[in-house]
Amino acid sequence: MSTIPEWPPRNEANFQRGKKALKTLHFDALSFSSDDLLHFCLEIFLELDILARVKVPIDKLKRFILVVRSCMFDNPYHNWYHAIDVTQTVYSLAITAGMTKQLGDIEVFALIISGLCHDLEHPGVNNPFLVASRSDLATLYNDRSVLENHHCCRAFQLMLHSEIQLLSEFTNAEYVSFRAVVLNNILATDMARHGEYTTKLKRSPSTVLRTTACYNI
C-alpha cells in the first residue's frame, strides 16, 4: 500500500450546504469536490453516532475512507462520486425507513460500509465482458459474480491491512456478523440476481423487507 494521504481541510461553505441535504434524496454528489465527499462520508458515520459503539477510532475510519477513494478508478460512472452517491442514498433510505433504529450497531455500520465499498476497484466493464474475455478476475472467481466477489475481497483486504486495521477491536462474533452482512449486501448487487430478489419482494413484501433489509442494498 502506498503512503496514505493526509485528511484534507474542510470547505465549510460546501460542507454546510451539503449537510442540510445529507439525510435526503436531494443530496447531489456531483455538485461537490472529491475532497468534499470525504467529509460527507465521514459525517454519515458521525451523524449515526456509531463509531464509539462499534469501537472504530475516527482516525482509522479516515484512513480507510482515504484508501477507498484512492482505489476507485477514474471511470465515467463507477468512480469515487458513484461510491459516495450510493453510500449517501443507503444512509438516506435507512434513516427514512427507520432501519437505523431496528438494526444493531454492527449491522448499521456494515450497511454503510457496504455502500461505500460496493463497487471498489470497478474496472468499468461488466461481468459478461469479463467472462467472455477470459479475464484474470473471471478465472479467479470462476465466472460467478466476478465483480461483486472482487469488491468484497478488496474491501476486506483494505479493512484488515496493517496500516488501517479498521476492525481490530471487533470480537470474533462481531467480525463474523459484520462480514456476513457486508458480503451479502455487496454480492446482492450482481444484476444477474435482480430477478431473484424482485420475485421475493413480490411474493411476500412485508416479510422480505423486514428479514433482509440489512443484507441487500
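Some values worked out for this structure:
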| read-out | value |
| --- | --- |
| Over the range 135-177, equivalent-ellipsoid semi-axes from the Cα gyration tensor in Å | 26, 12, 6 |
| For the range 5-27 versus the range 28-65, the gap between their alpha-carbon centres in whole angstrom | 10 |
| Theoretical ellipticity at 222 nm over the chain - DSSP helices of four or more residues, -39500 (n - 2.57) apiece, nearest 500 | -18000 deg cm²/dmol |
| Extent along principal axes [Cα atoms of the range 67-158; Å; largest to smallest] | 45, 26, 22 |
| Fraction of accessible area attributable to carbon and sulfur, the range 1-126 (%, probe 1.4 Å) | 54 |
| Hull-based mean projected area of the range 18-115, where the convex hull spans the alpha carbons, in square nanometres | 5.9 |
| Residue-normalised accessible area of the chain, expressed per residue, 1.4 Å probe, Å² | 51 |
| Per residue, the convex hull volume that the Cα atoms of the range 19-71 enclose (Å³) | 87 |
| Sequence ranges 5-15, 102-112, ranked by mean other-Cβ count within 10 angstrom, highest first | 102-112, 5-15 |
| Principal axis dimensions, largest first and in whole angstrom, of the chain by Cα | 46, 42, 38 |
| Cα shape, the range 105-161, gyration tensor, a/c 1.5 rule | prolate |
| Charged-residue dipole, Cβ positions (Lys, Arg, Asp, Glu), the chain about Cα centre, Debye nearest 20 | 640 |
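The values are calculated or read from the model by the stated rules, or taken from the named source; none is laboratory data. If you're wondering where the values come from, they're calculated on a predicted model, not measured in any experiment. Neighbour counts run over all protein chains shown; Cβ positions are idealised from the backbone, glycine included. Remember, those area values only see protein heavy atoms, side chains included, never the ligands or the DNA or RNA. Shrake-Rupley method; radii C 1.70, N 1.55, O 1.52, S 1.80 Å.
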